[in-house]
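Please read the structure below before turning to the comments.
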Amino acid sequence: MKVRVYPSRLFGEVEAPPSKSYTHRAYAAALLADGESILINPLRSRDTEATKNACTLLGAGVREDGRRVLVRGGAFKTPDDVIDVGNSGTTLRFFTAISALAPKGYAILTGDESIRRRPMKPLLEALRSLGVWCRSSRLDGRAPIIVRCGGVDGGEARITGGISSQFISALLYASVRSRRGARIIVDGEPVSRPYIDASLEVLRRFGFRVRREGYALFEVEGCQVGEPCEFRIPGDFGSAAFLLAGGQLTGGEVIVKGLDRSLPQADSAIIEVLRGISCDVEVSGDRVRVRGSGGGCGGEYDLRDSPDLLPVLTVLASRSRGETLIRGVGHARFKESDRIMCVASELRKLGIEVEVLEDGLRIRGRGRIVGGCLLNSHGDHRLFMAFTILAASTERGCLVDGAETAAISYPQFLDHVRRLGLRFEEV
């Protein structure tokens with residue numbers, strides 16, 4: 001579905017949607033822990049529904065009660081259907097590992113076309129080191145994945161840190177219920193480190209113990225049962241980033257509330273990114289306010305730990321004075337799209353000078369962008385949201401393709417930006 005976005009200015013206040021990352025992790029931890037846990041305000045999106053359904057297929061009892069979801073975990077079963085993760089890479093990685101804990105039998109995991117391109121070989125090799133029989137059905141290291149259930153033996157596994165932190169998190173989650181425990185060695189400096197911190201924090205809240213040495217070594221006790229937990233899902237900085245950037249790009253004023261900086265969130269880096277481009281940002285309690293200038297200044301940014309900010313930073317860079325250099329996001333090529341190449345191709349339609357680098361982009365911004373073209377999100381929810389707010393700041397607006405993808409992570413996105421004053425129509 002396409003939306004025609006007209007020049008607009010964003011003003012007002014909205015509540016951040018619940019965190020997608022914490023919703024995934026809380027569901028998975030509740031499945032692992034013996035007893036009934038309460039998840040307060042989990043995100044309801046296509047990605048998180050895939051994780052909830054995976055938990056149900058693996059034996060969790062799930063009941064919804066308004067803004068609470070009650071999850072009874074600890075009693076695994078062999079799934080009686082294929083685990084369809086849809087477009088969710090987190091679900092695929094986590095539950096490839098966790099499904100091995102089910103009783104004897106097999107689990108099959110697959111997803112959409114994008115998911116079937118995601119690299120899985122490093123995780124499969126590490127799981128084999130822990131005694132799990134698992135294979136790519138096409139023998140190419142990608143989904144569909146077949147896992148023989150029956151438990152995780154444990155032992156020592158090595159995993160590369162340079163492709164996805166989800167590999168490390170998946171091993172941690174499965175290892176807490178392994179027979180012998182696990183020693184997980186990370187080769188190289190891992191990307192997206194705050195996501196590992198988030199995984200460890202959620203495991204801790206649910207009573208699971210992991211000893212670590214930085215990001216290089218994790219030692220996990222085996223045969224842990226965990227403890228039921230009441231866990232409140234914080235607001236999502238990654239989704240809020242698009243609204244805050246919209247305030248900056250359109251010269252408006254936007255407040256996003258419900259943001260908790262006490263829990264690790266990689267995308268909380270958006271605050272420093274906005275300050276770096278000379279945006280007027282005020283943080284007070286759980287609220288972040290942006291008073292936008294419509295422009296900004298260039299600079300250098302390393303997004304190794306927060307690659308999901310790449311789309312929003314590129315559109316901010318498009319309207320900034322001078323040059324913006326973005327580094328450390330080579331792993332963004334393995335997301336829902338090759339975000340480096342796709343962003344470059346679409347920004348060039350707007351007359352933006354973009355140089356593609358091996359691990360990032362160099363962007364020379366323009367104070368004035370005419371617009372009037374079709375921007376393709378390439379089936380990527382974060383590209384759709386980024387291009388939508390950029391289109392609002394152009395002189396003629398733009399047609400943006402891929403509105404249906406917002407349901408993957410932020411189903412209320414179009415409702416929220418409409419409430420803030422963004423003018424658009426579905427076509």
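Every read-out reported here was derived from the displayed coordinates using simple, explicitly stated rules and does not represent laboratory data. The model shown is predicted, which means the values in this text are computed figures rather than measured ones. Reconstructed Cβ throughout: ideal geometry from the backbone, glycine too, with neighbour counts over all protein chains shown.
Numbers for the structure displayed
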{"item": "Inter-label distance, nm, simple model (7 Å from Cα along the C-beta direction), R261/V225", "result": "4.1"}
{"item": "Label zone at E15, where the point sits 7 Å out along the Cα-to-Cβ direction: the stretch 215-243 residues whose backbone N lies under 20 Å", "result": "230-243"}
{"item": "For the chain, calculated [θ]222 nm from helices alone, where every DSSP H run of n ≥ 4 adds -39500 (n - 2.57)", "result": "-9000 deg cm²/dmol"}
{"item": "Spherically averaged projected area in nm², based on the convex hull that wraps the Cα atoms of the stretch 327-423", "result": "6.2"}
{"item": "Antiparallel DSSP beta bridges within the chain, percent to nearest 5", "result": "70"}
{"item": "Computed FRET value (nearest 0.05) for D187 with R291, which takes r as the C-beta separation and R₀ as 56 Å", "result": "0.80"}
{"item": "Full-stretch length increase - A216, R158 - with 0.36 nm per residue and alpha-carbon distance subtracted", "result": "19.9 nm"}
{"item": "Using a Förster distance of 30 Å, the FRET efficiency for E425-S345 (Cβ separation, nearest 0.05)", "result": "0.75"}
{"item": "Rounded to 5, the percent of DSSP beta bridges in the stretch 20-230 classed as antiparallel", "result": "75"}
{"item": "Using a Förster distance of 41 Å, the FRET efficiency for E64-K104 (Cβ separation, nearest 0.05)", "result": "0.85"}
{"item": "Neighbour-count order for Y22, Y27, fewest beta carbons within 10 angstrom listed first", "result": "Y22, Y27"}
{"item": "Part-to-part distance (alpha-carbon centres) for the stretch 191-265 and the stretch 51-109, which is given in Å", "result": "21"}
{"item": "Cross-link reach list, aspartates and glutamates versus K52, counting only Cα pairs under 12 Å and skipping chain neighbours closer than eight places", "result": "E64, D84"}
{"item": "Pair E282, L139: separation of 7 Å Cα→Cβ label points (nm)", "result": "6.4"}
{"item": "In nm, spacing of pseudo-spin labels at R333 and R396 (7 Å Cα→C-beta vector)", "result": "3.4"}
{"item": "Among V312, F94, S19 - extreme Cα towards positive end, dipole of the chain, charges at beta-carbon", "result": "F94"}
{"item": "Length-normalised contact order of the chain in % [C-alpha pairs under 8 Å, at least 6 apart]", "result": "19"}
{"item": "Restraint check, K2/K257; K20/K77; K121/K335; K257/K335, Cα-Cα greater than 20 Å", "result": "K2/K257; K20/K77; K257/K335"}
{"item": "Shape metrics for the chain, restricted to C-alpha atoms - Rg then Dmax, Å", "result": "21.2, 62"}
{"item": "Share of Cα-Cα pairs in the stretch 20-230 lying beyond 27 Å, as whole percent", "result": "20"}
